[in-house]
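Below is one structure; the comments refer to it alone.
We did not get these values from a lab; they are worked out from the coordinates using the rules stated. Everything numeric here is computed off the predicted structure, so don't read it as measured data. As a convention, Cβ positions derive from the backbone with ideal geometry for all residues, glycine included, and neighbour counts pool all protein chains shown.
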Amino acid sequence: MYAVCSAHPSVIAAAIQQAIEDGSVLLVESTSSQVNQFGGYTGQTPDQFAKVVDSAAVRAGLPSERVLLGGDHLGPYPWREQASDAALQKACELVRCCVLAGYGKIHLDASMACADDEKDGPDERTIARRAAILCRAAESAHADLPAGSAPPLYVIGTEVPVPGGESAVGRPPVATPVANVQHSLEAFRAVFEEQGVSPAWERVIGMVVQPGVEFGDSVIFDYDRQKVTALSSALPEHPALAYEAHSTDYQSPTALQQMVEDHFAILKVGPWLTFAFREAVFALSAIERELFASRKAVRISQVREALEAAMLHNPTHWRSYYHGTEDEERLARFYSYSDRCRYYWVDATVQEELARLRDNLDSCAVPPQLWSQYLPSQYEVIRSARPSRGAEGAIQEHIRSVLRVYAAACGVRR
């Protein structure tokens, strides 16, 4: 199955509609940076995020038993500038909050270096031990849930891509060597026993490895199954695992299907979905200008300008990712595959301009020729006589054009 790793409302709404249409289970995951006990960059705690997803699913008619919440990269990552003990303590509290909020799938990720770690980062055993400590926090939280609550499922691994894609990618990442798989499993199994969470080992369902795919500012490294032939046949019989593939964004439909066939049975997608959101919003802005440029009574929205201002005012989320001339940085802020502008859609001024954009376009009928010119995915909706749901519907339809690629790769049949 694919995991929608995003807290963006339009992405979640589109994913819910896709799951309804496909008759499938929807897996939505929030990262430790997006959603945590301090609010993350979305301003949401795990409990708030769970309620947002549940409420959206109920309104749309997706049964709760077909919604699975997951925590992605749950570990010290947001607090990695602190000493490991302090960062791990906060990570344990995050994991606990996620389990109490109803998250059923937990990615235990302690692979990142903290302030007091060696420059090359923690060794494999340290990563495994910290993950087991996080697991213990999750198991303790589950014990506080009502009797009969399903226990959490876990994903482990030591070779984990950085959340949201690499900050600098110069050459294709090296696929995980086969020998590392068994070695990592043995390390994790041992520390699970040491930390008193051996029963949870039976609920480890996935392992994160590097399948050789990645994306960066302006580059995509495509899947090459010839480089992972041995890896795809190296899964153990016990526990029964699948591989979880991160950073699969922007891969071709053929590549995603091959990954599933090669036992990368959980495909993570996130930035590609907000990249599609941005594409749709910019297209709608172009349509808005075509329609209202000569109407002095209508104030045209300034979404792009507001987004640019927000990113320049607070460059925290993009400064270390984008490099080059002033023009190159400007283009990257809007169009990079890394899609660092996704952090800024929550800005109050940006939200105001987005609302104005939707209101302007919903106040009139958009000629199909303009849909064809600027947003072909919505043009196809109109041409197939499917009901149009206004500007927001057009945005979600464009996002669903990505989701359909993943649904097809995962074998979803309508």
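Sorting 87-98, 181-192 by average packing, meaning the other beta carbons within 10 Å per residue, from highest down gives 87-98, 181-192. For the stretch 227-330, the list of trypsin sites (Lys or Arg not before Pro) that fall in a loop by DSSP and count at most 13 other C-beta atoms within 10 angstrom reads Arg295, Lys296, Arg299, Arg319. Across the chain, C-alpha contacts under 8 Å between residues 6 or more apart give a mean separation that, scaled by the residue count, equals a relative contact order of 16 percent.
Counting other Cβ atoms within 10 Å, which trypsin sites (Lys or Arg not before Pro) in the stretch 351-397 have at most 16 and lie in a DSSP loop? Of the trypsin sites (Lys or Arg not before Pro), the ones in loops of the stretch 351-397 whose Cβ has at most 16 other Cβ atoms within 10 Å are Arg389.
Between the residues Tyr321, Leu403, Tyr343, the greatest Cα displacement towards the positive end of the dipole of the stretch 274-409, with unit charges on the Cβ of Lys, Arg, Asp and Glu, is found for Leu403. Who wins for biggest fluctuation among Ala57, Ala147, Ala128 in a Gaussian network model of the chain, springs between alpha carbons below 10 Å? Top of the fluctuation ranking is Ala147.
Using only side-chain charges placed at the Cβ, +1 for Lys and Arg and -1 for Asp and Glu, the dipole size of the chain relative to its Cα centre rounds to 1240 debye. A Stokes-Einstein calculation at 4 °C with viscosity 1.567 mPa s, built on the Kirkwood radius of the chain over Cα pairs, returns a diffusion coefficient of 58 µm²/s.
Taking amide H as placed 1.01 Å from N in the peptide plane, the amide H of Glu244 sits under 5 Å from that of Met207, Val208, Val209, each at least 5 places away or on another chain. Backbone phi angles across the stretch 301-311, fed through the Karplus curve with coefficients 6.51, -1.76 and 1.60 (θ = phi - 60°), yield HN-Hα couplings of 5, 10, 5, 4, 5, 5, 5, 4, 4, 5, 5 Hz in residue order; Gly and Pro are listed as x.
Helix 178-194 axis versus longest C-alpha principal axis of the chain: approximately 70°, rounded to the nearest ten. Taking the longest Cα principal axis of the chain as reference, the axis of helix 84-100 is set at about 70 degrees. Placing unit charges on each Cβ (+1 for Lys and Arg, -1 for Asp and Glu) gives the chain a dipole about its Cα centre, and among Ser301, Leu361, Gly206 the Cα reaching farthest toward its positive end belongs to Leu361. Helix 326-335 axis versus longest C-alpha principal axis of the chain: approximately 80°, rounded to the nearest ten. In the stretch 1-88, Cα pairs under 8 Å separated by at least six residues give a relative contact order of 30 percent. Relative to the current alpha-carbon distance between Ser252 and Ile300, full extension at 0.36 nm per residue lengthens the span by 13.7 nm.
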